[in-house]
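Peer 1: What follows is a single structure, and I will ask about it in a moment.
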Amino acid sequence: MIEVKHIYKKFNNNIVLDDISFVVPDGDTFTIIGGSGQGKSVIIKHLFGFLQPDKGEVIIDGKNLKQISKYELFEIQTNFGIVFQGGALFDSLSIRDNVGFGLKWIKNLSQEQIDKIVIETLRMVDLSPKICNLKPVELSGGMKKRVAVARAIAYKPKYLLYDEPTTGLDPLTADLINNLILHLQKELKITSIVVTHDMKTAYKISDNIVMLQNGKFIESGSPHDLKNTKNELVKKFIDYGNIY
Ligand SMILES: Nc1ncnc2c1ncn2[C@@H]1O[C@H](COP(=O)(O)OP(=O)(O)OP(=O)(O)O)[C@@H](O)[C@H]1O
Ligand SMILES: [Mg+2]
């Protein structure tokens, strides 16, 4: 279970998170929407200890990230698969080594076993095993995004953090990723936190959706609740896709 309790974060004088709390029970998909620069990625980075809050707590499976050793933090981090906003693939590594990266470090598998999982995982995101020997620079933007998703899910982590998993994808590929997130939730009981601007994605995959604006959640509820929101700003965001 992921618990975030009253976290505050500012950079210089820029208050980004202003008393944020939420709980994600195991098996749920929790989605954060909100305009550009509102702090969605900053929230994600707090969950695996990449950023520390100025005040407040992040508690993963009962462990307060502030009160554990570096080794315990590393152990917790191995439970997270992360799809970074820009993909963050390793440019110098082949697609095989990118997707197999976590498997190599976290699980004790032979190269043959890793290659098998890499191919299976590439298939799950509708990519051909033929791209295994290519480098990220040789792929299209949408293919890179799918490789980033494949890398995050390859070692079947307990938690998946997706920062804009469908941005920049064509609608069919975006839906394939949505279905994959749903499949991972249903079949493998993976708990997901998803940041997105894409309301189709948000409605389809979420148990709960929150909207972040000026450091606070100005709306939270089920997809049904969000569709029926009375908050004008949230309505506008949903209708136009973005606010600044
Ligand atoms: N390491 C950092 N140092 C200083 N400021 C930062 C840092 N990380 C984020 N910020 C600032 O925090 C704010 C929120 O950034 P964040 O990346 O979380 O936005 P976002 O909601 O993910 O936006 P987008 O939808 O464009 O990705 C921005 O003003 C950003 O400049
Ligand atoms: Mg972001």
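Peer 1: How large is the direction-averaged shadow of the alpha-carbon convex hull of segment 116-175, in nm²? Write down the numbers at each step before the final one.
Peer 2: Details: hull surface 17.1 nm².
Orientation-averaged projected area of the Cα hull: 4.3 nm².
Peer 1: Computed over the Cα atoms, what is the radius of gyration of the chain divided by 2.2 N^0.38 Å, N being its residue count? Can you show the working numbers first?
Peer 2: On the way: Rg = 17.9 Å, N = 244, 2.2 N^0.38 = 17.8 Å.
Here the answer is 1.01, to two decimals.
Peer 1: Rounded to the nearest 20 Debye, what is the dipole magnitude of segment 13-64 about its Cα centre when Lys and Arg each give +1 and Asp and Glu each give -1 at the C-beta? Don't skip to the answer; put the middle values down first.
Peer 2: Details: 4 positive and 7 negative charges, 40 e Å.
The calculated dipole for segment 13-64 is roughly 200 debye.
Peer 1: Moving to a separate point now. How big is segment 70-138 along each principal axis, measuring the range of its Cα positions in Å and listing the largest first?
Peer 2: The principal-axis extents, from largest down, are 38, 29, 22 Å.
Peer 1: Most fluctuating residue of I153, I117, I68 in a GNM of the chain with Cα springs under 10 Å: which is it?
Peer 2: Comparing I153, I117, I68 in the GNM, the peak value goes to I68.
Peer 1: Restricting to Cα pairs below 8 Å that are 6+ residues apart, what does the relative contact order work out to for the chain? Please round to a whole percent.
Peer 2: Values: 443 pairs, mean separation 66.4, N = 244.
Answer for the chain is 27 percent.
Peer 1: With point charges of +1 on the Cβ of Lys and Arg and -1 on the Cβ of Asp and Glu, referenced to the Cα centre of segment 82-205, which listed residue (Q111, P165, I205) lies farthest in the positive direction of the dipole?
Peer 2: Farthest along the dipole direction, towards plus: Q111.
Peer 1: For the chain, what is the charge dipole size about the Cα centre, in debye to the nearest 20, if Lys and Arg each add +1 at the Cβ and Asp and Glu each add -1 at the Cβ? Display every interim value, and only then the final one.
Peer 2: Working: 31 positive and 28 negative charges, 48 e Å.
Around 220 debye, computed over the chain.
Peer 1: Ordered by packing density, taken as the mean number of other Cβ atoms within 10 Å over each peptide's residues, highest first, how do 227-240, 166-179 rank? All intermediate terms of the calculation are to be shown ahead of the outcome.
Peer 2: On the way: 227-240: 13.6, 166-179: 16.4.
Highest mean packing first, the order is 166-179, 227-240.
Peer 1: Can you bin segment 131-244 into rounded, prolate or oblate? Criterion: square roots of the alpha carbon gyration tensor eigenvalues sorted a ≥ b ≥ c, rounded for a/c under 1.5, prolate for a/b above b/c, oblate for the rest. Write down the numbers at each step before the final one.
Peer 2: On the way: a/c = 2.36, a/b = 1.66, b/c = 1.42.
Taking the square roots of the gyration eigenvalues as a ≥ b ≥ c, segment 131-244 is prolate.
Peer 1: Taking square-rooted eigenvalues a ≥ b ≥ c of the alpha carbon gyration tensor, is segment 1-70 rounded, prolate or oblate, where a/c under 1.5 means rounded and, failing that, a/b exceeding b/c means prolate? Spell out each step's value before the answer.
Peer 2: Values: a/c = 2.04, a/b = 1.21, b/c = 1.69.
Oblate, because a/c is 1.5 or more while a/b does not exceed b/c.
Peer 1: Taking 7 Å along the Cα-to-C-beta vector as the label spot, tell me the E120-K186 distance in nanometres, rounded to one decimal.
Peer 2: With each label placed 7 Å out from Cα toward Cβ, I get 2.0 nm.
Peer 1: For the chain, what is the calculated [θ] at 222 nm in deg cm²/dmol (nearest 500), taking -39500 (n - 2.57) for each run of four or more DSSP H residues and dividing by its residue count? Walk me through the numbers on the way to the answer.
Peer 2: Numbers: 10 runs with 93 residues, N = 244.
The helix contribution divided over the chain gives -11000 deg cm²/dmol.
Peer 1: Pairs of alpha-carbon atoms within less than 8 angstrom and 6+ residues apart define the contacts here; what relative contact order does segment 21-85 have, in percent? Present the calculation step by step, with values, prior to reporting the outcome.
Peer 2: Numbers: 28 pairs, mean separation 13.6, N = 65.
Relative contact order of segment 21-85: 21 percent.
Peer 1: Calculate the dipole size of segment 109-244 relative to its Cα centre from +1 charges on Lys and Arg beta carbons and -1 charges on Asp and Glu beta carbons; express the result in debye to the nearest 20. Write down the numbers at each step before the final one.
Peer 2: On the way: 19 positive and 16 negative charges, 28 e Å.
Using Cβ point charges on Lys, Arg, Asp and Glu, segment 109-244 gives about 140 debye.
Peer 1: First check a/c for segment 29-127, with a ≥ b ≥ c the square roots of the eigenvalues of its C-alpha gyration tensor; if it is under 1.5, answer rounded, and if not, answer prolate when a/b is larger than b/c or oblate otherwise. Can you show the working numbers first?
Peer 2: Numbers: a/c = 2.46, a/b = 1.49, b/c = 1.66.
It is oblate, given that a/c is not under 1.5 and a/b is not larger than b/c.
Peer 1: Here's another thing I want to ask about it. Based on the Kirkwood radius over alpha-carbon pairs, what value in µm²/s does the Stokes-Einstein equation return for the translational diffusion coefficient of segment 169-224 at 4 °C and 1.567 mPa s? Don't jump to the answer; show the numbers that get you there.
Peer 2: On the way: Rh = 12.2 Å.
Result for D is 106 µm²/s.
No lab work stands behind these numbers, since they all come straight from the coordinates. Because the structure is a prediction, the values reported are computed rather than measured. When we count neighbours, we look across all protein chains shown, and the Cβ atoms used for this are built from the backbone with ideal geometry, even at glycine.
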